[in-house]
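Below is one structure; the comments refer to it alone.
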């Protein structure tokens, strides 16, 4: 089990590394902006200057896609952070007391198809990175609340919580000192898996035109605008497509590997 | 006041719509036709909306007016057999064809004409060209087949305006239901409309004119060029006027069934600038922006190099087109100098708003990149059509926007008040006044050239490019419009060659 | 009396360590054999190997014969004909040993369905009779009840009914009454011993409860670390234990601490 | 007691519907752009705009508009489309002809293959089949639906010409052409769901197989196969059903995306079109309808789960 989880973790890290390391380096240089337009060199084939060729605007495809990957991951990461912070807080409250309202709202989130929130959000606020981030965060929230609540509950029924309570500790102290540290590993795993989901969402929303607006490169938008070239310039579709898959697969496997590793550690610890 | 609203091009690369596969493809005597269109009309009443898509489906098929434009853009009579204009240009007399029935069986009379044209000009009219019809002083009916229209003042373009789809003659009994069930006098009657998918017209058995050869025609709404090209290659579509993607046209090269036919349409892509606000109110800034953009490269990227540089607001195919020199060629250094002179500091923020259409999106991205090179920081703001229509076109609240005007001969919009880009020029106004008051063709042509020159010099907007219209169609198809002098796709004269 | 079950030199090997070494014993019809020993001594493994239900990866050597059938080399297909029909088994945890999503009547009826050609109606009546026999009267417990609606004792009775349905020649009971209170325990054992007497069913009883063993078993086999340390009639083992381990076990039991293991729990390092 | 529990969930969900309707109404009224201006086009005079405002009821106060809308919605009156000027009900009804079968087909496909693959993997746990299957499923879970749809169109329609790439002929031309048109979209929609279901089914089944009652059933004489399908799978399905309930909104999202890629005239595409055109009656009622059906389906799912898992009944009362 441990060997397998290590392998999953390793493959996940490699996939992420392939995309994220160069993406970060490139973004450090260009600040997340699209590479320069060069109309004279449109659809250039791969060359030392442009390792993967250029796009219909003569922009370097590799730089464009990697910058897009960085931007997508940034949006995904911010939304997952938001969902984790708010969701954990609400989940802890819901665990501590019968919070029907919070759980009801979580149910509401489950009933609202994600793209709907995004469509309402984006049309109300206009296409913006902020709106998209909020939309992704909002539909990651219900799961976060539920998972936190469930995990916190399993801690709260332990004897030492009762002991701590008898010692006069307040709920805030118990949450901070006992519950939070215990569920932190779980939250980390959940966040990693959520990242995969958030990247998928970002790609879908941008593909539908509900994502962050141009000119900042974005993977879903790149696919939407390049897809008519599937016959004449298949690289234009393949590269952003593979990049999305690497990212999502990478975060999924990383999360799974982390979970397996943690399970193994947990079992070793208890037996 | 002479107003000519714009029609918006429909080269949308928006959400794909669908088609119906598998129409019968009988080898010899086909009498059906399926045509792909990029945009679906919101309704079918031309007096209630300005969408080009309404015209594409109904113009000359369902609705007919007193006059019509032919494929070359020439003015021809339609419901009117003949006409006569009084020497003072105020009275227009028309003689109608006899025995013309609407699809609801009512007879076309002078009263129908009077009803339709007066209705178009009332204050609560929703007609896109209301201001044209509001210039009618009165209409009298000497008898049921004669119409006499008196204008308030001479208006040289009046006859031309009567050829537009929104000047269609409608049946007073069915006018309210036209939006979903259109009734006209045309060679085709409304069949079925599956919204989001297709619309079918069938032959009008009682048509007053020549009997159309086609039994039915189906318009399929497919904005996605990739699916459209697939449907064409699979034979599910027979024709696609104004194919929305140049890049994909190569798929039809050498095809034995399909051909790509090049035609013209009055497409004028512009970078509209808000002349009412700083810094665009300064002529030097407008000139700087024009010189900062390599429009030739723009054509290269947006239209695969297949387009014409525009110098003014007139399409090259227009008979009145004046070939003008490139007054503000690409020169970023000069642009920077001009900006400095005008006091626009490097790093000034500007917003470029654009509607969801391929050419606008691509041009905007490029223009932003070019403007960045002369020190301006451009925020791109993509908006949906309603927002564009409301905010930019309706209220004139914007910095810059990319849009293509596709109405024929619409240079007079630069004389409108208000107009969304807020251009005012007494000189230009004088020219338009003269133009409308003149009936003489040669004189009108001269005046038109002067108007174009005036705009080219003032550069209220940056005139970008015109692109040809590419129609993909079955090689055996005869008589389909490949030019688009006006939004329409009349199919009465279309037939299949054996 | 005829000899029913012959176990000869049975060894069981888990993927990484041996669990049973050379266990041999015989059980005759109508007799109750108790296997006892502390936790981890291999009692449960023994029970599982007798039913052919060892987890995959376990290796068995030696011979297990049920009358004339050699069980250790039996195919899976033939095993299904033995289990439930000639060999019944009751497991230790009444709370989890029943399928939570099926009605108890259905679960008992399953044994009939698997091994007889009775009609639905006949199975219904048989099930009812069987339930009455194990002390589940119609008034108390409906056939349509679900396991979670029953008490621990009632569930244990259901399990017993399932095992006894086809009148097996051998019943293997793995700590099957440990979780019950003394009265229920006695009632259940009475039920089982009556079967032994009336139908000649043999019982292999696995228990660490020496009191229970003493009361009901005819023979006793004491296990330690996967090997048999002592076996004989109940009387001889209890009265004159030979092996020091047995003696220690008995002393502990007399002090009422039978449930406390003699040695610390071995750390279970089998693959999970 | 049981009766109470059966009623309590729908009542709670009903409350949820009210909250959802408020959210939708609020969002729709935040949208910029004047629907009347859109409807009348560019040259609308202020008089005709005002007249249309009156007609559309845009003049009254928001609470009044909300009440008017929701009461009409309950009566089944979904209003008229601003853009098409036809009843929204007929518009949605038309689109349901492709959306409903699509979702149904996709659900059947994803549950069918997901459960089968999950059982296969769990039964052959630890083997090469299991690990490679899980790897593939992980991969398919990680491909965005639109990319999957694009790839499938490219392969099966554009290159192999097996199935149509887009569009929907409707049911009046026979079932086969309609099904052919729905096949690729349904598969594209089902694959990520099936991957999720399969992985979940596998772990759920492995968990179930380690339960004591599996041993009991085996001791009763159930064969390995028998115990797998008759005992373990039904028990393992309970959490999978719960998951399916949770995944429903995701499926709806996928439908919107897939309908876009395959040009299916379904509800999802109608919704996107309506959002773009600010066709508020369509958006408002369609979203409400989708949310309502998700909630109703969730209730059905809950009842189904209870039917599978009798323990819950008493837990609730």
Nearest 10 degrees, 0 to 90: helix B:283-292 Cα axis against chain B principal axis: 80 degrees
Using Cα pairs closer than 8 Å and at least 6 residues apart in sequence, work out the relative contact order for segment A:120-261, in percent. 27 percent
Contact order normalised by residue count of segment C:49-109, Cα under 8 Å, 6+ apart, percent: 22 percent
per DSSP, antiparallel bridges as share of beta bridges in chain C, % nearest 5, sits at 55 percent
Picking from A:106, A:129, A:163, which is most flexible by a Gaussian network model of chain A using Cα springs under 10 Å? A:163
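Using only alpha carbon pairs under 8 Å that are at least six residues apart, calculate the relative contact order of segment D:233-317 and give it in whole percent.
Details: 41 pairs, mean separation 31.4, N = 85.
Taking the mean separation of contacting Cα pairs over the length of segment D:233-317, I get 37 percent.
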Treat segment C:1-46 as a sphere of radius equal to its Kirkwood radius over Cα pairs and apply Stokes-Einstein at 25 °C in a medium of 0.890 mPa s; give the translational diffusion coefficient in µm²/s, rounded to a whole number. 206 µm²/s
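Kirkwood hydrodynamic radius of segment B:360-424 from all distinct Cα pairs, in Å?
Numbers: mean 1/r = 0.0750 Å⁻¹.
Roughly 13.3 Å, rounded to one decimal.
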Kirkwood radius from Cα pairs of the protein assembly as shown plugged into Stokes-Einstein at 10 °C, 1.306 mPa s, gives D in µm²/s equal to 44 µm²/s
What do you get for Rg/Rh of chain A when both radii come from the Cα atoms and Rh is the Kirkwood radius? 1.06
Measuring from the longest principal axis of the C-alpha atoms of chain D, the long axis of helix D:2-30 (C-alpha) lies at a number of degrees, nearest 10, equal to 40 degrees
Rounded if a/c is under 1.5, else prolate if a/b is larger than b/c, else oblate: which is segment D:188-242, with a ≥ b ≥ c the root eigenvalues of its Cα gyration tensor? prolate
Taking every alpha carbon pair in segment D:63-180, what does the distance histogram look like in 10 angstrom bins from 0, in percent? 11, 23, 26, 21, 13, 5, 0
Label model pair residue C:122, residue C:14: point-to-point distance (7 angstrom along the Cα→beta-carbon line) in nm is 4.4 nm
Distance in Å, no decimals, from the C-alpha centre of segment C:200-223 to the one of segment B:192-250 is 88 Å
Pull out the extension gain between residue B:70 and residue B:253, defined as 0.36 nm times the separation in residues minus the alpha carbon to alpha carbon distance; nm, one decimal. 63.0 nm
Checking the a/c ratio against 1.5 first, then a/b against b/c, what shape does the Cα gyration tensor give for segment B:70-179? rounded
Taking a ≥ b ≥ c as the square roots of the eigenvalues of the Cα gyration tensor, with a/c under 1.5 meaning rounded and otherwise prolate when a/b exceeds b/c and oblate if not, chain D is oblate
One would report the antiparallel percent of DSSP beta bridges in chain B, rounded to the nearest 5, as 75 percent
Hey, in the GNM for chain D with a 10 angstrom Cα cutoff, which one of D:121, D:198, D:217 fluctuates hardest? D:217
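With n ≥ 4 as the cut-off for DSSP H runs, can you work out [θ] at 222 nm for chain B, using -39500 (n - 2.57) per run divided by the number of residues, rounded to the nearest 500?
It lands at -6500 deg cm²/dmol.
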May I ask for the angle, rounded to the nearest 10°, between helix C:182-199 and the longest principal axis of chain C, with both axes built from Cα atoms and the value confined to 0 to 90°? 80 degrees
Comparing D:187, D:175, D:92 in a Gaussian network model of chain D (Cα, 10 Å), the one with the largest mean-square fluctuation is D:175
If you restrict to DSSP beta bridges whose two residues both lie in the protein assembly as shown, what percentage is antiparallel, to the nearest 5? 70 percent
For segment D:241-308, convex hull of alpha carbons as volume per residue, Å³: 77 Å³
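Values quoted throughout were computed directly from the atomic coordinates according to the rules given, and no laboratory measurement underlies them. Please read all numbers here as calculations on a predicted model, not as lab measurements. No Cβ is skipped: glycine too gets one built from the backbone with ideal geometry, and neighbour counts run over all protein chains shown.
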